[in-house]
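Please read the structure below before turning to the comments.
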Amino acid sequence: MTERTDQEIILINISGHDKPGVTSALTKILGKFGSTILDIGQADIHHTLSLGIMFLTTSKLSGEIMKELFFKSSEMGVEIHYTPITIDEYNGWVALQGKNRYIITMLGRVITAEQISAISGIVARQGLNIDSIRRLTGRPSLDDAAEDAKRYGVPRRSCIEFSVRGTPAHKEAMQAEFMRLSNELGFDISLQEDNMYRRCRRLICFDMDSTLIQTECIDELARRAGVGDKVSAITASAMRGEIDFKESFTRRVSLLKGLDASVMKDIAEHLPITEGVDRLMSALKRTGYKIAILSGGFTYFGNYMKAKYGIDYVYANELEIGPDGRLTGRYVGDIVDGSRKAELLRFLAQAEHVNIAQTIAVGDGANDLPMLKTAGLGIAFHAKPKVKANAQQSISTIGIDGVLYFLGFKDSYMKE
């Protein structure tokens, strides 16, 4: 901007009952006098308008412009306030645009004032400025949660997204404080740098057992084989990171020796699907995401999920079946453990020609941590304490469709 001594920058704020034509009428006046709009933003909360317009004019025209704006706003039943902005102030804002911007997403069944106060307080102490706040979920009804779910077809959830600007004084400390508060106050939170990769995610990889489905398939097989307690104990220890996954996997599979393989069909048809999977998969498929299952479980069940939801890739473990149609207690090929999941994530990113920063990984167990750390966005879902403590983002309060809000989806996007 070439500075002229007669230039004036004015910020006007318009508020009142929202009605059609307010923005058109006020900008028509600015256009009449040849003003340049430098910034504009609008929000509507329960039919109450909040509109801000920053414009450039000259000292010769500013008085006449403001007079007409005041007359028109009075005629339309809205209030208008104005603030002069200096050239130096404006240039300072311009220098900051597009730099060091973050998105903070708060998610839960209900978002409370206490939770918002706690997070915004951390933001302020870190020297960040909140540029905008928007609601991604629909407005909650005043009915109880059960009535809300019946009315909207999904369980109650609430999500608010903050756009903040600046350089955190201590980013890692801020992230740690966010996670601590989310545990204490019962909500989920995500902190992401607002860059082109965040806006262009293309590949999402899921763990399967206890993530897309609410069970561990090996535990279901073990119950049919009469060794449920033994296998469950090994599974729990592995998911907590207490024993090596390969060792635990080999021990568990050996206990399945002699089980008729035909039981896998019945187990697959009765898998308990995690809350929100249908909604999540529908939205991801409609928006062109490539979807993969990277599982320490078994290919039989992964392929069942692939057929059910149109998933693009499945990498899991293959159980060996003997000529008598029974499990041999051995597996075929390499074990898909934590390091293998991370390798597969990188491989799929290359195969799909996407930057690793455009990838997402979702999982719950210790063997998911490598892929969660490799992905551009790693989300611990209803995860074990060790996993959640080492993850940058987590979802523990709602279903797996909460992933969509971390991607910036609004409820209105997900309606057919």
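The values are calculated or read from the model by the stated rules, or taken from the named source; none is laboratory data. Fair warning: this is a prediction, and the values are worked out from it, not measured in the lab. Note that each Cβ is placed from the backbone with ideal geometry, even for glycine, and that neighbours are counted across all protein chains shown. Please note that ligands, DNA and RNA were not included when accessible areas were found on the heavy atoms of the full protein model with its side chains. Shrake-Rupley method; radii C 1.70, N 1.55, O 1.52, S 1.80 Å.
For the chain, with every protein chain kept in place, what is the accessible area per residue (1.4 Å probe, Å²)?
In whole numbers, the chain has 48 Å² accessible per residue.
Using a probe of 1.4 angstrom, how much of the accessible area of the stretch 30-121 is carbon and sulfur, in percent?
Details: 2890 of 5180 Å².
Exposed carbon and sulfur together represent 56 percent of the surface.
In whole Hz and in residue order, list the ³J(HN,Hα) couplings for the stretch 27-32 that follow from phi through the Karplus curve 6.51 cos²θ - 1.76 cosθ + 1.60, θ = phi - 60°; x for Gly and Pro.
Rounded to whole hertz, the list is 6, 5, 5, 4, x, 4.
What does the stretch 157-214 give for Rg and for Dmax, in Å, if only its C-alpha atoms count?
Final numbers for Rg and Dmax: 14.7, 40 Å.
I need the peptides 320-332, 114-126 ranked by packing, meaning the mean over residues of other C-beta atoms within 10 angstrom, with the highest value on top.
114-126, 320-332
Tell me the label-point distance for the pair Glu247, Asp278, using the 7 Å Cα-to-Cβ offset, in nm and rounded to one decimal.
Output for this residue pair reads 4.3 nm.
Using helices alone, I'd like the mean residue ellipticity at 222 nm for the chain: each DSSP H run of four-plus residues gives -39500 (n - 2.57), total over residue count, nearest 500.
On the way: 17 runs with 169 residues, N = 416.
That comes out to -12000 deg cm²/dmol.
Extending each Cα 7 Å along its Cβ direction at His170 and Ile87, get the distance between those two points in nm, one decimal.
Result: 4.2 nm between the two label points.
Round to the nearest 0.05 the FRET efficiency obtained for Arg346 and Ser254 when R0 = 25 Å and r is the Cβ-Cβ distance.
FRET efficiency, Arg346 to Ser254: 0.20.
Pop out the carbon and sulfur fraction of the accessible area of the stretch 163-240 as a percent, whole number, probe 1.4 Å.
C and S atoms contribute 47 percent here.
Could you give the length gained by full extension between Arg139 and Asn100, i.e. 0.36 nm per residue of separation minus their alpha carbon distance, to one decimal place?
So the extension gain works out to 11.0 nm.
Percent of accessible area on the stretch 266-336 owned by carbon and sulfur, 1.4 Å probe?
Using a 1.4 Å probe with all protein chains present, the stretch 266-336 comes out at 48 percent carbon and sulfur.
Order these peptides, 174-187, 55-68, by their mean beta-carbon neighbour count within 10 angstrom, highest first.
174-187, 55-68
Between [x] 4, 18, 24, 21, 15, 9, 5, 3, 1, 0; [y] 4, 17, 17, 12, 11, 10, 9, 9, 6, 3, 1, 0; [z] 5, 23, 32, 25, 12, 4, 0, which entry matches P(r) over Cα pairs in 10 Å bins from 0, in percent as derived from the coordinates of this structure?
Computed from the coordinates, P(r) over Cα pairs in 10 Å bins from 0, in percent corresponds to [x].
Just to verify a number: FRET efficiency for Phe70 and Tyr413, C-beta to C-beta distance, R0 = 30 Å, to 0.05?
0.20
Return the FRET efficiency for the residue pair Phe33, Glu114: r is the Cβ-Cβ distance, R0 is 45 Å, and the value is rounded to the nearest 0.05.
For R0 = 45 Å, the calculated efficiency reads 0.45.
If the limit is 24 Å between Cα atoms, which of Lys28/Lys67; Lys290/Lys373; Lys290/Lys384 go over it?
The pairs that break the limit, which is 24 Å between Cα atoms, are Lys290/Lys384.
Using label points projected 7 Å from each Cα along Cα→Cβ, tell me how many nm separate Ala124 and Asn183, to one decimal.
So the two model labels end up 2.6 nm from each other.
HN-Hα J couplings of the stretch 297-306 from phi, Karplus 6.51/-1.76/1.60, θ = phi - 60°, integer Hz, Gly and Pro as x?
Running phi through 6.51 cos²θ - 1.76 cosθ + 1.60 with θ = phi - 60° gives x, 10, 4, 4, 6, x, 5, 4, 5, 4 Hz.
Angle between the Cα long axis of helix 59-76 and the longest principal axis of the chain, 0 to 90 degrees, nearest 10?
Relative to the chain, helix 59-76 is tipped by roughly 70 degrees.
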